[in-house]
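Quick one: the structure is below, questions incoming.
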Amino acid sequence: MDVSKVTGRIFDIQKYSVHDGPGIRTIVFLKGCALRCRWCCNPESQKFEIQHMNTDGASKLIGRDVTAGEVIEEVKKDAAYFRRSGGGLTLSGGEMLLQPDFALALLSLAKRQGMNTAVESTGFAQFETIERLLPYIDTYLLDIKHINSEKHKEFTSQPNELILENAVKIAQLAKKCIVRVPTIPTFNDTEEEIREIARFARTQMRVDEINLLPYHRLGKDKYTGLDRDYLMGDVLPPSDEHMEKLKRVCEEEGLRAKIGG
């Protein structure tokens with residue numbers, strides 16, 4: 001099978017990122033996600049369907065169907081930056097696990113080109129799906145949002161038992177796994193909640209690195225453009241001082257901690 005002809009649906013390709021894996025990255029954003037996180041800064045990523053979003057008074061088409069080969073040809077244009085910085089391709093979304101054949105095609109083609117690969121993922125899928133992709137992933141950036149399943153479901157629409165079960169397996173089998181925690185006021189930004197996540201990451205997953213991603217409101221206008229309510233209301237981002245305090249909590253649990261990706 002010619003994997004370059006496998007088709008999938010994306011909504012953006014972002015170049016020159018330095019926060020989504022090592023070095024300078026090109027991020028391919030896949031459409032579709034099983035979660036509905038209240039704070040999601042890319043609400044246009046959630047539905048797999050192609051959508052219209054009003055931006056600056058004009059209607060913008062969100063989503064396009066492409067082949068894996070077409071995407072890799074675009075990503076290859078940044079190969080010089082990858083070589084100099086140790087960067088490469090990052091798959092994001094949405095959730096790339098909802099398009100596993102397309103994600104596998106992209107990752108395998110990238111490895112053929114000698115690219116470093118990374119994925120940003122919730123881990124919300126059957127593990128057999130994830131296991132197919134792991135040999136082609138150099139860095140798995142795995143979101144762990146909360147340990148309490150009831151609260152996880154309240155804020156994301158899905159429970160977290162499968163996510164936590166997969167997290168342990170991913171950490172065992174991945175070449176490298178980094179836990180990422182979107183740090184959201186009213187949801188998971190207390191010292192106790194962050195400590196629970198950090199302790200799970202160290203004792204159950206046995207990883208040594210955690211990234212705390214501060215909540216921001218940069219995606220709020222997108223909800224208006226999609227004619228959707230922004231469910232975080234007037235919740236404000238955490239202060240720098242509070243984020244430093246949470247970072248120290250993670251370090252107390254024996255993890256290398258970083259604020260940001």
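Bear in mind these aren't lab numbers, they're just calculated from the coordinates by the rules spelled out. Everything numeric here is computed off the predicted structure, so don't read it as measured data. Cβ coordinates were reconstructed from backbone atoms using ideal geometry, including for glycine residues, and neighbour counts include every protein chain displayed.
With the cut-off at 29 Å, tell me which of the pairs K151/K175; K47/K145; K111/K151; K151/K258; K77/K220 have Cα atoms farther apart than that.
Result: K151/K175; K111/K151; K77/K220 exceed 29 Å.
Determine the calculated [θ] at 222 nm for the chain from helices alone, applying -39500 (n - 2.57) to every DSSP H run no shorter than 4 residues and normalising by the residue count; nearest 500 deg cm²/dmol.
Result for the chain, helices only: -9500 deg cm²/dmol.
While we're looking at this one, here's another question. Provide the per-residue ³J(HN,Hα) series for region 29-45, in order, calculated from phi with Karplus coefficients 6.51, -1.76, 1.60 and θ = phi - 60°, each as a whole number of Hz, with x at glycine and proline positions.
9, 8, 8, x, 8, 7, 9, 10, 5, 4, 8, 3, 8, 10, x, 5, 7
For the chain, what is the convex hull volume of the alpha-carbon atoms per residue, in Å³?
Per-residue hull volume (Cα only) is 125 Å³.
If only Cα atoms are counted, what is the Rg of region 1-125, and what is its Dmax, in Å?
Rg then Dmax for region 1-125, in Å: 14.3, 44.
Next up: List the residues, sorted by chain then number, that are 5 or more residues from T55 or on another chain and whose placed amide H is less than 5 Å from its amide H.
Sorted by chain and number, the residues that satisfy this are K60.
Of the candidates D240, D138, D189, which one comes out as most mobile in a Gaussian network treatment of the chain with C-alpha springs shorter than 10 Å?
Among D240, D138, D189, the largest mean-square fluctuation in the Gaussian network model of the chain belongs to D240.
Using a 10 angstrom cutoff on alpha carbons, build the Gaussian network for the chain and name the most mobile of C33, C250, C41.
C41
Mind listing which trypsin sites (Lys or Arg not before Pro) in region 1-91 are in a DSSP loop and have 12 or fewer other Cβ atoms within 10 Å?
Here no trypsin sites (Lys or Arg not before Pro) fit, given the DSSP loop and packing criteria.
Give me P(r) over region 166-261, computed from all C-alpha to C-alpha distances, binned every 5 Å, as integer percentages.
Once binned at 5 Å, the Cα pair distances of region 166-261 give 3, 13, 22, 19, 15, 11, 10, 5, 1.
Separate question: Pull up all non-local amide H partners of T90: gap of 5 or more, or a different chain, and H-to-H distance under 5 Å with H placed in the peptide plane.
Here the answer is T26, I27, V28, A118, since their amide H atoms fall under 5 Å of that of T90.
Give a residue-ordered list of calculated ³J(HN,Hα) values for region 56-70 (Karplus: 6.51 cos²θ - 1.76 cosθ + 1.60, θ = phi - 60°; whole Hz; x for Gly, Pro).
Once θ is set to phi - 60°, the couplings for region 56-70 become 6, x, 10, 7, 10, 7, 10, x, 8, 8, 9, 8, 4, x, 4 Hz.
Shape of region 51-182 from its Cα gyration tensor (a ≥ b ≥ c, root eigenvalues): rounded if a/c is under 1.5, otherwise prolate when a/b > b/c, or oblate?
Details: a/c = 1.94, a/b = 1.17, b/c = 1.65.
Oblate, since a/c reaches 1.5 and b/c is not below a/b.
So, one more: Arranged by the count of other C-beta atoms within 10 angstrom, fewest first, what order do H19, H242, H152 take?
H19, H242, H152
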